[in-house]
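Values in this text are rule-based calculations from the coordinates and carry no lab data. Every value quoted in this text rests on a predicted model; they were computed, and no experiment measured them.
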Amino acid sequence: MGASYGRIMSFHSENFPGHYFRHRNGEVWLDRFDGADLFRQDASFRIVPGLASPHCVSFESVNYPGYYLRHQNSLLFLHRADGSDLFRKDATFHLRSGMGGGTQIESFNYPGWFVRHSNYRLSIAQRDHSALFKADSTWWGSEGLSSGAPPAHGGAPPHHGASYGGASPYGGAPPPSPYGAPSPYGAPSPYGGAPPPSPYGGAPPPYAPHYAAPGPAYPPVGVPAYPPVAVAAPIVASPYGAPTVVIDPYGHHHHHHHHHHRR
C-alpha cells in the first residue's frame, strides 16, 4: 500500500508475520497484533511531510497527536515535537524500497541507517547488507489498524513466545513527565540525535555469526514467489523511484537471537 501524506498507516514486519511496530510507554516495539483497540491505536501513524524536509516523511501518532517517531541514541521513541532542529531531523525519514517490494525506512540525518527490529525493540542501525538485516528492516504498510481494518498479514499469526499486547502496565500512554520539559531533549551531550559512534563503523557488530550465515532464501523453497495481492500505489514522492508496497500473503519468518550492544 502506498504511503501518501495524510494517510493513516500501520506497518508489519517482513520476517515476523502478524507483528506490527507500535508505541508503548513512549518506546517503539515490535508486538504481535492482539486485536485490542489500544493496539490498533498505538500501531497507527499519520504519514506527514517530513518535519526536516518536505521530500521525506514523518510518522505522527494517531492517538497522541503532536507526538512523532524519532530516534535518540539510535533507539526509536514516540516523543512530543519540541520545535528544535534536532527533533525535526531525528523525526524525519526517507522511504526506500525493501525486500520483495516492502519498504525500508532510512534516517534523514544518518544516511545509511535504517529502522530495524532487534529483540523486538526498534532502532536505527547501519545497513550491513546481510539477509538478516534486510529482513529485520523491511516493513509492509497497510491501512491503519485504527480504522478497524483487518490485519494485513491475513489469518492468525504464529505465536512468537513472549507477546506484549499492550495490556495493563503500558496503556499506550507516553510517560507524562519529561515531555514539555525542554531540558534533556535536544541537549547535545548524551543524546544529540547521534547513534553511538564506536561499535558500528561500517563493520558488522561483534555478533558476526548471525551475519556470516546466509540465512533462508526469500521466498523459502516451495513457496510461490510473492504474488502481488493488494493493488500497489506509489510511495510518497518520486525522487526515490516510486517503489511499491504489496502485502505478502505468505507471512514467513525466522527466529534470530542477536543482541545489540547499545547504551
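A few remarks follow.
- For the pair region 111-142 and region 63-97, the centres of their Cα atoms are 17 angstrom apart.
- Cα gyration tensor, region 62-147 - rounded (a/c under 1.5), prolate or oblate: oblate
- For His55 and Asp82, the difference between the fully extended length at 0.36 nm per residue and the C-alpha to C-alpha distance is 7.6 nm.
- Maximal additional length on extending the Asn73-Ala36 stretch stands at 10.3 nm, based on 0.36 nm per residue less the C-alpha distance.
- For Asn25, the residues 5 or more places off, or on other chains, whose built amide H falls under 5 Å of its own are Gly172, Ala173.
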